[in-house]
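Here, each number is a calculation from the coordinates, and none is a lab measurement. Model, not experiment: these values are computed from the prediction. Because the Cβ atoms are built from the backbone with ideal geometry, glycine has one as well, and the counts that use them run over all protein chains shown.
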Amino acid sequence: MTTSNEVTKPVGEARRILGYLTGQLRQVGLFTALIVIVLFFQITTHGITLRPINVSNLVIQNSYILILAIGMVMVIIAGHIDLSVGSVVAFVGAMAGVMITEWHIAWPIAIVLCLILGALVGAWQGFWIAYFRIPAFIVTLAGMLVFRGAAQIALQNQQISPFPEAFRRLGSGFLPSFGTSGYEPLTIGLGVLASIVLIFGSLRQRWARHKYGLESEPLWWFVLKLAFGAFLIIYIAFLLASYNGTPIVLVILGLLIVIYAAVMARSVFGRHVYAIGGNLHAAALSGVKTQRVTFLLFVNMGVISALAGLVFTAQLNLASPSAGSGFELDSIAAVFIGGAAVTGGIGTVTGAIVGGLIIGLLNNGMSILGVGTEYQSLIKGLVLLAAVAFDVYNKRRTGGR
Amino acid sequence: MTTNILEMQGITKTFPGVKALQNVSLGVKRGHVHAICGENGAGKSTLMKVLSGVYPAGSFDGQIVFEDAKVDFKNINDSEAAGVVIIHQELALSPYLSIAENIFLGNEQQTRGWIDWNKTNLEASKLLARVGLKDNPITKITDIGVGKQQLVEIAKALSKRVKLLILDEPTAALNDEDSAHLLELIKQLQSQGITSIIISHKLNEIKAIADAVTIIRDGRAIETLDMHADEISEERIIKGMVGRELESRYPDHTPMIGEELLRVEHWNVFHPIDTTRQIVKDASISVRAGEIVGIAGLMGAGRTELAMSLFGKSYGVKISGKVFKRGVEIDTGTVSKAIQHGIAYATEDRKRYGLNLIDDITRNVSGSALSKLAGLFGFVDDHKEATVAGKYLKSLNIKAPSVDSITGKLSGGNQQKVVLSKWMYADPDVLILDEPTRGIDVGAKYEIYTIIHRLADEGKGVIMISSELPELLGMCDRIYTLAEGRITADVPRSQATAEILMQHMTKERERSTSDNV
């Protein structure tokens, strides 16, 4: 009797752990996919992928898609979509060019004006969607054409270049560097600080759950996740520190992620977004001001698109009428790879960021390997399909009955 | 040829983690109407899905013998080819196709590979005549009521030369008139030699038409009662379903009625699309603290419309009338204003209007009072939130593994308790409960009644809308009757009987017909 118990115990334990992991399959799968893709390219590119300069470029070159993905995931959680973001990026970039080089407005003021412009664009689309009740697909499809046209008109089909050095730093600059050689101390410091914040935040959360007598995730899983997160942050900090230091867009992106992740997870507004996406009628009958929330979501998307437009323009040092084409599809793909549901109500900011990183890594890795753009597009399409198919399969498996 | 048309033997069906059916055997006699009863989640629908091939042969243990031959249905097409047709609770008709198109959907009437519309419509009208529908077969499904849609489903089954017709809660969405018609039709089909299996919660219907009833509890067939052999009472069936004698279907309650809480005067509402149609006509109602007020009315009388128009104009247009709270006129023009004034409305359709089915219990409970949990910068205290949900989980006896359970996976009774929790947490003064026990099994109903009494005892005013007269008679201190949008009577508990209520509920209809004469 005792011997059989001793034998079954570790088996039961292993099964329990496996059971927990399969429960978290979506989350685990997403991060596993990211790691597998990194390792795959690290091996096939003979170590180029994780070289400091490449990591730095990866962050900088994907920043605007990641920024857009943050706004897009919120829109998609609410059950809408925004097809116009690429055109808005071009329009805002164009207006930034016109303001700075033709109207000679100081660049910090131009940035503020551009963000306001983005809010107005979002308010325009939000009005038709929220209050006139035209499906977002139609309104933003129209917006895609309208703002592309507006960008071309603003630029008179010319390109504007160059931009002032200070403005360009927004897209491709780095935080001031302190060390003279080796690892740049500010970047290391920021990395350490970020991981300390992560660890303390998680511990506080866990402690509070315990205090309220709520069930928490198993300790081993908590520690594993936290250790992995902290390690990742510090590792990336070291990579960046051995090159040029911290890209300014990374700071912007980091702040956006922290703020919006908190808004979506814990604020009343964020909850209302999930409620609307999950069941619009039930939300309305619970007193959620559904129209106002929808309107604000699109205003927010407009501001975020404007920010992405500014970053993109600053990075290329060029305002072009064809800027940002295809951004809407990349950011939408990032959101769905990140686990959002087409029907709304499900998705996370961190998921969308990881989804965006997966797309960015594929772009980057395949470019280094010299894969033609035609095959890059084909492979990205299949990855998107596979991710969503996995989701659907997973839902069916657990949804039983 | 044996007398049994169907013999299900030793059916066991397991889902991951759950044994839905355990060694269930069921014999149905040829030409009988055989009822299946059981609480929600007992396994009735699963058994019927096994029978109709929704769960293919091989995915369950045991065997099915239909018309003296062992059958292995791999899908619905197989079972329909054999003459077993199931009509699900949620009707499966395509709303923008015509009646005829729906009847022959998947079985199109063709001539040389093209659809023969004349034949389609001709055959459809023959079938419609058999179910007693006089509508033109080219009418679109969306233009006919739920009662008629149910008949179209049966016509569709007849087109497939049905031998065994399975009806899952066929009268759940029907009014009394349509229900009676449907039951009559089932009897007619019986005389034409069609055997029926009917799943129902409504025991009076079972008594009226069933020849035998099989009771299923917790995935097992408990007993089969012959409805002709001995006098089977409703209480006898209930006892089998819940496994215990229910002393009373309604808990005892002594009302403590206080001052007037809410008064509605001269309330008028028009249909949102057909704005000339008046849905609520000059209705005036009131509710006092601690009072449970019922609203009785036939389907289409405007009960839900009255309630929803009061709750933030959630239904209808051209709304006029006054609402007073403790004697002071208030504005209930939007849902949030109504909630602020302490009014809550728990919908009759919890899946469509009540719950976020893809989210967990916690977030559904906090849904209408999130601001109570919000602190600095509008951030929700999610620990406190979970504690609140946990409290309701316990006090309302919600059967779920934890507050993190997804509401879409709960049973109807537990979903209803989540909806009630949501409104209890919002702490309103007046609760409008629209069909609070629809589609809920007997045991859970009793618990919901207890909760309603508890709310009244806390000094809240409860307005309860229900299609089931016994429920109103058992629960309410006062009952309004509504007929075609008009309040026709205000009956105190002491005078209320089913006959009196029914009289007032049909008053308007009689008068309007006599007007025409």
Discussion item. Skipping prolines and chain starts, which residues have an amide H placed within reach, meaning under 5 Å, of the one on B:SER284, given they are 5 or more residues away or on another chain?
Written reply: B:HIS266, B:TRP267, B:ILE487
Worksheet, complete the sentence: If B:LYS126, A:LYS289, B:LYS44 are placed from fewest to most neighbouring beta carbons inside 10 Å, the sequence is B:LYS126, A:LYS289, B:LYS44
Worksheet entry | Pairwise FRET efficiency - A:ALA208 versus A:ARG292, Cβ, R0 = 45 Å, nearest 0.05 | 0.90
Worksheet item: In whole Hz, what ³J(HN,Hα) sequence does region A:184-189 give by Karplus (6.51, -1.76, 1.60; θ = phi - 60°), x for Gly and Pro?
Response: 6, x, 4, 5, 4, x
Worksheet item: Can you sort B:VAL328, B:VAL317, B:VAL28, A:VAL268 by how many other beta carbons sit within 10 Å, fewest first?
Response: B:VAL328, B:VAL317, A:VAL268, B:VAL28
Worksheet item: Got the relative contact order for region B:381-517 handy, in percent, Cα pairs under 8 Å and 6 or more residues apart?
Response: 15
Discussion item. Checking the cross-link filter: which aspartates and glutamates have an alpha carbon closer than 19 Å to that of B:LYS44, excluding same-chain neighbours under 8 positions apart?
Written reply: B:GLU7, B:ASP61, B:GLU90, B:ASP168, B:GLU169, B:GLU205, B:ASP211, B:ASP218, B:GLU223, B:ASP226, B:GLU234, B:ASP441
Response to the item:
In debye to the nearest 20, the charge dipole size for region B:1-157, taken about the Cα centre with +1 at each Lys and Arg Cβ and -1 at each Asp and Glu Cβ, equals 180
Worksheet, complete the sentence: Under the rule rounded for a/c under 1.5, else prolate if a/b exceeds b/c, else oblate, using alpha carbon gyration tensor axes a ≥ b ≥ c, region A:278-361 is classed as oblate
Discussion item. In whole Hz and in residue order, list the ³J(HN,Hα) couplings for region A:317-322 that follow from phi through the Karplus curve 6.51 cos²θ - 1.76 cosθ + 1.60, θ = phi - 60°; x for Gly and Pro.
Written reply: 6, 7, 9, 10, x, 9
Item to complete: Just need the relative contact order of chain B here, percent rounded to a whole number, with Cα pairs under 8 Å and 6+ apart.
Response: 14
Fill in: Radius ratio Rg over Rh of chain B, counting only Cα atoms, Kirkwood formula for Rh
0.98
Practice prompt. Against the globular-protein guess of 2.2 N^0.38 Å, express the Cα radius of gyration of region B:261-393 as a ratio, rounded to two decimals.
Written response: 1.21
Worksheet, complete the sentence: Summing -39500 (n - 2.57) over every DSSP H run of at least 4 in the protein assembly as shown, dividing by its residue total and rounding to the nearest 500, the 222 nm mean residue ellipticity is -16500 deg cm²/dmol
Worksheet item: Under unit Cβ charges (Lys, Arg +1; Asp, Glu -1), what dipole magnitude, rounded to 20 debye, does chain B have relative to its Cα centre?
Response: 720
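Sequence gap at least 6, Cα distance under 8 Å: using those rules, report the relative contact order of region A:247-390 to the nearest whole percent.
After rounding, I find 21 percent.
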Discussion item. Please give me the summed charge of the neighbours of A:VAL249: other residues whose Cβ is under 12 Å from its Cβ, Lys and Arg +1, Asp and Glu -1.
Written reply: +2
Worksheet item: So what's the Cα pair-distance distribution over the protein assembly as shown, bin width 20 Å, in %?
Response: 12, 37, 35, 15, 2, 0
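A:THR140: net charge of surrounding residues, Cβ under 15 Å, Lys/Arg +1, Asp/Glu -1, itself excluded?
0
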Worksheet entry | Considering only the protein assembly as shown, percent of DSSP beta bridges that pair antiparallel, nearest 5 | 60
Worksheet item: Which of the pairs B:LYS140/B:LYS422; B:LYS156/B:LYS207; B:LYS49/B:LYS134 have their Cα atoms more than 30 Å apart in this structure?
Response: B:LYS140/B:LYS422; B:LYS49/B:LYS134
Worksheet item: At what distance in nm do the modelled label points of A:ILE153 and B:THR139 sit from each other, each positioned 7 Å from its Cα along Cα→Cβ?
Response: 5.2
Practice prompt. Return the percentage of antiparallel bridges among DSSP beta bridges fully within region B:131-253, rounded to the nearest 5 %.
Written response: 55
Worksheet item: Running Debye on region A:128-167 with equal point scatterers at the Cα sites and no solvent, what base-10 log of I(q)/I(0) appears at q = 0.14, 0.16, 0.27 Å⁻¹?
Response: -0.51, -0.59, -0.86
Worksheet item: Tell me, A:ILE48, B:ILE64 in order of fewest to most beta-carbon neighbours within 10 Å?
Response: A:ILE48, B:ILE64
Discussion item. Out of all DSSP beta bridges in region B:372-517, what portion is antiparallel? Express it as a percent rounded to 5.
Written reply: 60
Worksheet item: Computed FRET efficiency, Cβ-Cβ of B:ASP274 and B:ASP116, R0 41 Å: what is it to the nearest 0.05?
Response: 0.70
Practice prompt. Place a +1 charge on the Cβ of each Lys and Arg in the protein assembly as shown and a -1 charge on the Cβ of each Asp and Glu, then give the dipole magnitude about the Cα centre in debye, rounded to the nearest 20.
Written response: 1620
Worksheet item: Gain in length, A:ARG133 to A:ASN317, computed as 0.36 nm per residue apart minus the alpha-carbon separation, to one decimal in nm?
Response: 62.4 nm
Worksheet entry | Average beta-carbon neighbours from other chains, 10 Å sphere, peptide A:288-296 | 1
Discussion item. Taking R0 as 30 Å, what FRET efficiency do you get between A:ARG396 and B:GLU177 from their Cβ-Cβ distance, rounded to the nearest 0.05?
Written reply: 0.15
Discussion item. Can you give me the distance in nm between label points at B:TYR96 and A:GLN376, each placed 7 Å from the Cα along the Cα-to-Cβ direction?
Written reply: 4.1
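Please compute the net charge surrounding B:VAL365, taking Lys and Arg as +1 and Asp and Glu as -1 over other residues with Cβ under 13 Å from its Cβ.
+2
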Worksheet entry | Averaged over A:263-269, number of beta-carbon atoms from partner chains that fall within 10 Å | 5
Worksheet entry | Cβ-based charge dipole, the protein assembly as shown, positive-most Cα from A:ALA142, A:ALA387, A:MET366 | A:MET366
Worksheet item: On alpha-carbon atoms, Rg over Rh for region A:213-306 using Kirkwood Rh?
Response: 1.12
Worksheet, complete the sentence: Between A:PHE222 and A:LEU25, the two model label points (7 Å from Cα along the beta-carbon direction) sit apart by a distance in nm of 2.6
Practice prompt. Alpha carbons only, please: Rg and Dmax for chain A, in angstrom.
Written response: 22.6, 87
Worksheet entry | Table column - 3J(HN,Hα) (Hz), region B:323-330, Karplus curve with 6.51, -1.76, 1.60, x for Gly and Pro | 10, 10, 10, 6, x, 9, 5, 10
Practice prompt. Quantify how strongly other chains surround peptide B:334-344 by giving the mean number of their Cβ atoms within 10 Å of each of its Cβ atoms.
Written response: 2
Worksheet item: To one decimal place, what Kirkwood hydrodynamic radius in Å is obtained for region B:338-380 from all pairs of distinct Cα atoms?
Response: 11.9
Response to the item:
Taking placed amide H atoms and a strict 5 Å upper bound, the residues 5 or more places from B:TYR315 or on another chain that come that close are B:SER309
Discussion item. For B:ILE432, what residues show an amide H to amide H distance below 5 Å, using hydrogens built from the backbone and excluding near sequence neighbours?
Written reply: B:ALA344, B:TYR345, B:ALA346, B:ILE463
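Is region A:126-200 best put as rounded, prolate or oblate by its Cα gyration tensor, with a ≥ b ≥ c the root eigenvalues, rounded for a/c under 1.5, and otherwise prolate when a/b is larger than b/c, oblate when not?
oblate
Starting from the Kirkwood Rh over alpha-carbon pairs, what translational D in µm² s⁻¹ does region B:175-297 have by Stokes-Einstein at 10 °C and 1.306 mPa s?
Details: Rh = 19.2 Å.
The diffusion coefficient I find is 83 µm²/s.
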